[in-house]
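Chemist: First, the structure itself, so that you have it in front of you.
The values are calculated or read from the model by the stated rules, or taken from the named source; none is laboratory data. Since we're looking at a predicted model, the values are computed, not measured. We place every Cβ from the backbone using ideal geometry, glycine too, and count neighbours over all the protein chains shown. These accessible areas exclude ligands, DNA and RNA; they are computed on the full protein's heavy atoms, side chains included. Shrake-Rupley method; radii C 1.70, N 1.55, O 1.52, S 1.80 Å.
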Amino acid sequence: MITAALEEREHYLNASYGLKSWLLTKDHKRIALLYLGTITLFFALGGLFATMIRIELLTPQPDLVSSETYNKLFTMHGVIMVFLFLVPSIPATLGNFFLPIMIGAKDLAFPKLNLLSWYLLVAGGLCTLGAMFAGGVDTGWTFYTPYSSTYSNTYVIATALGIFIAGFSSILTGLNFIVTVHRMRAPGMTWFRLPLFVWSNYATSLIMVLGTPVLAVTILLVGCERLFHIGIFDPALGGDPVLFQHMFWFYSHPAVYIMVLPGMGVVSELVATFSRKRVFGYGFVAFSSVAIAVLGFLVWGHHLFVSGQSVYAGMVFSFLSYFVAVPSAIKVFNWTATLYKGSISYDTPMLYAFGFIGLFTMGGLTGLFLAALGIDVHVTDTYFVVAHFHYIMVGGTLMAYLGGMHYWWPKMTGRMYPEGWAKLSALVVFLGFNLTFFPQFVLGYLGMPRRYHVYPPEFQVLHVMSTAGASVLAVGYLMPLVYFLWSLRYGKLAPANPWGATGLEWQTSSPPPTHNFEEPPVVTHEAYDFAALLEEAQVG
Amino acid sequence: MASANPLALREQFDTAAQQKDASVLAMWIFLVTEIMFFGGLFLAYTAYRSFYPEVFGAASRTLSATIGAVNTAVLLTSSYTMVLAVRAAQKGSRKALIWFLILTMIFGTVFLGVKAYEWHEKFVEHHVPGPSFHLEGEPLQGQAQLFFSLYFAMTGLHALHMVVGMGIMTVMTWRAWLGRFNADYYTPIDVAGLYWHFVDVIWIFLFPLLYLIDRHVPK
Amino acid sequence: MGNRFPLFPVEASTVAPSVDHLLFYLLGVSIFFTVLIFSAIFYFAIKYRRRSETELPPEIHGSTKLEIAWSIIPFGLAMVMFAWGAKVYFEIERPPDDALDVYVVAKQWMWKLQHKEGQREINELHIPLGRAVKLTMTSLDVIHSFYVPDFRTKQDVLPGRYTTTWFKPTRVGKYHLFCAEYCGTKHSGMIGWVYVMEPQDYQAWLSGGAGGGSLAENGQKLFQELACDNCHHMDGHGRCPSLQGVYGSKVLLTNGQTVVADDAYVRESILQPNAKVVSGYQSIMPTFQGLVTEEGVLQLIEYIKSLKTQPGAAPAAAPARGGVQPPAGGAAAQR
């Protein structure tokens, strides 16, 4: 009966049928779902490689794979997770779906370009996967020269081409978002009424647009060096291999913020909704996103403290790196302060938000260790770094992504997920994550270098703990996959606003119609105005 | 791209002004990404020129400043005709628009032709990076090769942008021929013009950096 | 070694305690903030849990005072981290003058080390207790990184360039040497041991099985084999500048600039002789790229270094028409 009622109302999912209606769609919501499917596959693949790495590291000696294979495994894990999963993750799925709705627009400014972006990601992904099936690549996701440009005998060019193409997907998405936020806001939706998720995606887009082209040209030069031996990074011809590191990190450090800023935006939404309170210090949180985006471009040199760059350059980059700590701290404190005197519910998305704040705090604080010159010399290129960035990328971004998926799932699909299982999965992910990566901090300070296939036996206990944690984590990730799919058919029907949240996306039906709103919205309230929401509910 | 009725507002927009603003802003952002893209090469150039200033000077002197200057003039003229094309579009003069677009393409072709001649010269003189590279009288062959690597990377990428620009101009001419533009709707011409001028500006930087860096030292 | 499950690395060099003290400060700050945030979240989450579906909490927009407080305080703490970290970094990066020189050539996937006295080692380094050791390193292929965790030092080793690092061991023992920069297939096999020995044991080790002469002697032999002495006459009357006393001095070049004749300059002058030609000389020297190995270059450097102090050699007279200036005092003779 209820199902029949749902079928009757037209929405973006049942507006048209058939493969063609998906592959040629211009609807940002459908494109978001295309992205969702694609990056889930990439995540599964990257996760599979991670699993093999962790199993191999159970013992100090090689047992499962050869060194050659091991090096390819961690390279492909990094390449897939960074360029094909984390960079597109939140912006291309949740951002694509909700950014236009949240600002009251019918679609992104350039729907065809949006579809093209997805095709570019797929093309880049296929190119990279093709390289993998042809034999793989073993340079590490950082592609340091001259190893990548001269010495590696693997499929560097094909992989680099894949990243190059996927990079354009990222550039075009960023461009589309910026224009959309500037030009497509509904009447009354002023800049300071924008939900913080929109602010953070806007800041992310700035980095995508400014940083990614530099990565593209760097990769292009590595390709030219490999093909034509032009000498740009070859010391034998007067080239400087360290120049590559500067150019690479000029993109790749800001890229860290491409990956984490959208997660911060998600958490801002979650904390507000599930505390039923406006985010504490809205303006500071909004501007801290932009500050992180800008400062992120000034700190790349902190990846090169032991590379032979001058002592003074090291000092400048260390100094600037500490400036990024401030906007990050502002965010954490403001989220925590939002809870004060709130009305806090423990729905699954909020549990993920709690997890994010805790793990991001730890990840951020360990970043201070790496920015401290004297300590960085010891811990750079060790498991300490590995643990640090997994706390940010997995503990931070992935937690936020899962939190956001749970939060918006009812809106995207019109179905509720099973709450009990979801709470359990949040707990399993949190525990599994800490067990996997906390021991790696200890390993790192002990001196265990990263990218080691075999290692001294005294490190084994900590590695075994890490692998045990990884298996718990794997279970934690499989659970949502299963119950999300289950809910598509058996989940309870979702109301338009299951969480009592503000934001335009909750004022349209679940799932939304093709052009998002039955009638164009006009915004009359600040963001997160729960008083007005309750009032309207009572009047209505 | 070409919809049945170009005046029709695409469905995601509310007004024609909004649509035009969005397109122009998008092109500006795209040009910013292009600056960052070329920026990587300019960075590499700056680094190596400061490492090896004399070699770069010597290598630069093998390029013909005269040919470079002529080509600069050709490209600047093409930008001028592009401006005239946009002006014609604004006034809704279809014929003038088509003619100025064609003129722009002719100057673009001349530029590419001259560039091709210069590259051919490099092949003949063994100034192309690779095993047969040789710069006469230069003891530091590797570093000299670096200059030419950057020369080919930068001018090559610029020429690629020219070729893309020519493609865009061809489409624009065709659409102008079909009468798709008028005084109220010429955003594509405007946006294509922005791109063309950008490619021109890149050359304005490339010309002195590659051709003129060491002309003041009489040797 | 003995401990099968270590949780903290031993401190085996003079900088190790400095690094660890900084670590403890950072750990203190981090634990404080982690506990603060975690307990605030728990406390608020429980105290302000939702009690009814219709409850509306009070509106709180923010507090500029609080924002300023939690920007300034973390920033202040961070600036301490920066300054302290920079101080330790200077300690790590600046070798003392009396350091023992050891030369390192890295290649896929081994470490080759040469002592001044002539001992050569592969993947092992023997050094005396309590004596600063300075490593001058280069790579034959890709980037490697010389890392001894128990000394808390790490330095990338680059092809085509010298990088240096140093340490002063404070504990006798056997310590891991790792390559920390990914360098290809057998990256994790590019490991070795650093042996810190009592000075007398070290002397015994030095005298045992050296053979083949000191680095400088080998360098001199190479100098003659490569016929460098055909042009580089010690009296300064050759077609090329005398190398007597060159090392460490300022050299005037044909383009009017001066450079200090350090390891990097000498290396460049052997491999790319025309890059920086000494004023008053023609660029007639052929390149020795491919004719002399990186180890050979290091031996030649050590030989040229020895020319400065070698007793009985010709005094560092002002060269007849060279741009070579003695380090100090003799500069006046030049003009």
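Chemist: What average count of beta carbons from other chains do you get within 10 Å of the Cβ of residues in B:26-36?
Modeler: Working: counts 11, 2, 2, 11, 5, 0, 6, 13, 1, 2, 12.
Taking the mean over all residues of the peptide, I get 6.
Chemist: Could I ask something else about it? Ballpark to the nearest 100 Å², how much total accessible area do B and A bury together, probe 1.4 Å? Write down the numbers at each step before the final one.
Modeler: Working: alone 11520 and 21520 Å², together 30190 Å².
That pair hides around 2900 Å² of surface in total.
Chemist: Please work out how much accessible surface C:Cys231 shows to a 1.4 Å probe, ignoring ligands, DNA and RNA, in Å² rounded to 10.
Modeler: Near enough 30 Å² of accessible area.
Chemist: Have a look at region C:174-188 and report residues whose accessible surface goes down by 20 Å² or more when the remaining protein chains are included, against the chain on its own, probe 1.4 Å, ligands and DNA/RNA excluded.
Modeler: C:His176, C:Phe178, C:Ala180, C:Glu181, C:Tyr182, C:Thr185, C:His187, C:Ser188
Chemist: Hey, another quick one. Which is the longest run of chain C containing none of the GluC sites (Glu not before Pro) found in DSSP loop states (not H, G, I, E, B) with at most 16 other C-beta atoms within 10 Å? Before the final figure, lay out the partial values.
Modeler: Details: sites that count: C:Glu53, C:Glu55, C:Glu59, C:Glu117.
Within chain C, the longest run free of exposed GluC sites (Glu not before Pro) spans C:118-335.
Chemist: Taking only protein heavy atoms and a 1.4 Å probe, what accessible area per residue, in Å², does the protein assembly as shown have with all protein chains in place?
Modeler: Numbers: 41160 Å² over 1094 residues.
Accessible area per residue, the protein assembly as shown: 38 Å².
Chemist: Now for a different question. Carbon-plus-sulfur fraction of the accessible area of the protein assembly as shown, 1.4 Å probe, in percent?
Modeler: Values: 27400 of 41160 Å².
Taking all protein chains in place, the protein assembly as shown shows 67 percent carbon and sulfur surface.
Chemist: Okay, next question. Report the calculated FRET efficiency for C:Gln289 and C:Asn123 (r = Cβ-Cβ distance, R0 = 22 Å), to the nearest 0.05.
Modeler: Numbers: r = 27 Å, r/R0 = 1.24.
Calculated transfer efficiency: 0.20.
Chemist: Using only protein heavy atoms and a 1.4 Å probe, report how much of A:His182 is accessible, in Å² to the nearest 10.
Modeler: 60 Å²
Chemist: What does the charge count near A:Ala286 come to, summing +1 for each Lys or Arg and -1 for each Asp or Glu among other residues with Cβ under 11 Å from its Cβ? Write out the running numbers ahead of the final one.
Modeler: Values: positive: A:Arg193, A:Lys331; negative: none.
It works out to a net charge of +2.
Chemist: Okay, moving on. For C:Ile191, C:Ile68, A:Ile80, write out the residues from largest to smallest accessible area, computed with a 1.4 angstrom probe and no ligands counted. Walk me through the numbers before you get to the answer.
Modeler: On the way: C:Ile191 65, C:Ile68 95, A:Ile80 0 Å².
The ordering from most to least exposed comes out as C:Ile68, C:Ile191, A:Ile80.
Chemist: Provide a list, ordered by number, of residues in region C:37-58 showing at least 50 Å² less accessible area with every protein chain present than when their chain is taken on its own, using a 1.4 Å probe.
Modeler: Hits at the 50 Å² cut-off: C:Ile37, C:Phe38, C:Ile41, C:Phe44, C:Ala45, C:Tyr48, C:Arg50, C:Leu56, C:Pro57.
Chemist: Simple spin-label model, 7 Å along Cα-to-Cβ: C:Trp193 to A:Val65 in nm?
Modeler: Going by the 7 Å Cα→Cβ label model, 3.1 nm.
Chemist: Amide H of C:Ser63: which non-local residues (sequence gap of 5 or more, or other chain) have their own amide H closer than 5 Å, using H built in the peptide plane?
Modeler: Residues meeting the criterion, in which the H sits 1.01 Å from N, are A:Gly281.
Chemist: Here's something else I'd like to know. What stretch of chain A, leaving out the sites themselves, is the longest with no GluC sites (Glu not before Pro) in a DSSP loop having at most 12 other Cβ atoms within 10 Å?
Modeler: Numbers: sites that count: A:Glu10, A:Glu518.
Formally, the longest exposed-site-free interval is A:11-517.
Chemist: Net charge near A:Asn96: determine it from the other residues with C-beta under 15 Å of the C-beta of A:Asn96, scoring Lys and Arg +1 and Asp and Glu -1. Please list the in-between numbers first.
Modeler: Details: positive: A:Lys26, A:Lys29, A:Arg30, A:Lys106, A:Lys112, A:Lys411; negative: A:Asp27, A:Asp107, A:Glu505.
That sum, taken over residues with Cβ under 15 Å, equals +3.
Chemist: Considering protein heavy atoms only and a 1.4 Å probe radius, which residues within region A:230-261 exhibit an accessible-area decrease of no less than 50 Å² in the full assembly relative to the chain by itself?
Modeler: At a threshold of 50 Å² (probe 1.4 Å), the residues of region A:230-261 that become less exposed are A:Ile230, A:Ile232, A:Leu237, A:Gly238, A:Asp240, A:Leu243.
Chemist: Still on this structure: With an 8 Å Cα cut-off and a minimum separation of 6 or more residues, compute the relative contact order for chain B in percent. List each step's numbers first, then the result.
Modeler: Details: 191 pairs, mean separation 72.9, N = 219.
RCO, chain B: 33 percent.
Chemist: In region A:509-540, which residues have a backbone nitrogen under 17 Å from the label point lying 7 Å from A:Leu493's Cα in the Cα-to-Cβ direction?
Modeler: Residues passing the 17 Å test: A:509-513.
Chemist: How would you classify chain A from its alpha-carbon gyration tensor, with a ≥ b ≥ c the square roots of the eigenvalues: rounded for a/c under 1.5, else prolate if a/b is greater than b/c, otherwise oblate? Intermediate results must be reported in sequence, preceding the final value.
Modeler: Numbers: a/c = 1.60, a/b = 1.54, b/c = 1.04.
In terms of gyration-tensor shape, prolate.
Chemist: Classify the protein assembly as shown as rounded, prolate or oblate, taking a ≥ b ≥ c as the square roots of the eigenvalues of its Cα gyration tensor: rounded when a/c is under 1.5, otherwise prolate if a/b is larger than b/c and oblate if not. All intermediate terms of the calculation are to be shown ahead of the outcome.
Modeler: Values: a/c = 2.33, a/b = 1.35, b/c = 1.73.
Taking the square roots of the gyration eigenvalues as a ≥ b ≥ c, the protein assembly as shown is oblate.
Chemist: Also, I was wondering about something else. What accessible surface, in Å², does a 1.4 Å probe find on A:Trp421, ignoring ligands, DNA and RNA and rounding to the nearest 10?
Modeler: 150 Å²
Chemist: Next question, about the same structure. If we count every other residue with Cβ under 12 angstrom of B:Ile213's Cβ, Lys/Arg +1 and Asp/Glu -1, where does the sum land? Intermediate values should be presented prior to the final figure.
Modeler: Working: positive: B:Arg49, B:Arg61, B:Arg215; negative: B:Glu54, B:Asp214.
Overall, the nearby charge balance is +1.
Chemist: Beyond 19 Å between alpha-carbons counts as too far, so tell me which of A:Lys106/A:Lys331; C:Lys107/C:Lys168; A:Lys20/A:Lys112; A:Lys411/C:Lys47; A:Lys341/A:Lys423 fall in that bin. Intermediate results must be reported in sequence, preceding the final value.
Modeler: Values: A:Lys106/A:Lys331 31 Å; C:Lys107/C:Lys168 25 Å; A:Lys20/A:Lys112 15 Å; A:Lys411/C:Lys47 30 Å; A:Lys341/A:Lys423 24 Å.
Table pairs above 19 Å Cα-Cα are A:Lys106/A:Lys331; C:Lys107/C:Lys168; A:Lys411/C:Lys47; A:Lys341/A:Lys423.
Chemist: With all protein chains present and a 1.4 Å probe, how do A:Ser66, B:Ser78 order by accessible area, largest first? The partial results should precede the final answer.
Modeler: Values: A:Ser66 60, B:Ser78 0 Å².
From most accessible down to least: A:Ser66, B:Ser78.
Chemist: Shifting gears a bit: Could you tell me the total accessible area buried at the C-A interface, probe 1.4 Å, in square angstrom to the nearest hundred?
Modeler: Details: alone 19350 and 21520 Å², together 32800 Å².
Between C and A, the summed buried area is about 8100 Å².
Chemist: Name the long-range amide H neighbours of C:Leu177: under 5 Å, sequence gap of 5 or more, or other chain; modelled H, no Pro or chain starts.
Modeler: C:Gly192, C:Trp193, C:Val194
Chemist: Taking Cβ-Cβ under 4.7 Å as the only way to count a partner, pick out the unpartnered cysteines of the protein assembly as shown.
Modeler: A:Cys127, A:Cys224, C:Cys179, C:Cys183, C:Cys228
Chemist: Quick one: work out the % antiparallel among DSSP beta bridges in chain C, nearest 5.
Modeler: Antiparallel: roughly 70 percent of the beta bridges in chain C.
Chemist: Quick one: which residues, 5+ away or cross-chain, put their amide H under 5 Å from the amide H of A:Arg415? H built at 1.01 Å from N.
Modeler: Amide H to amide H, under 5 Å and 5 or more residues apart or across chains, A:Arg415 pairs with A:Ala494.
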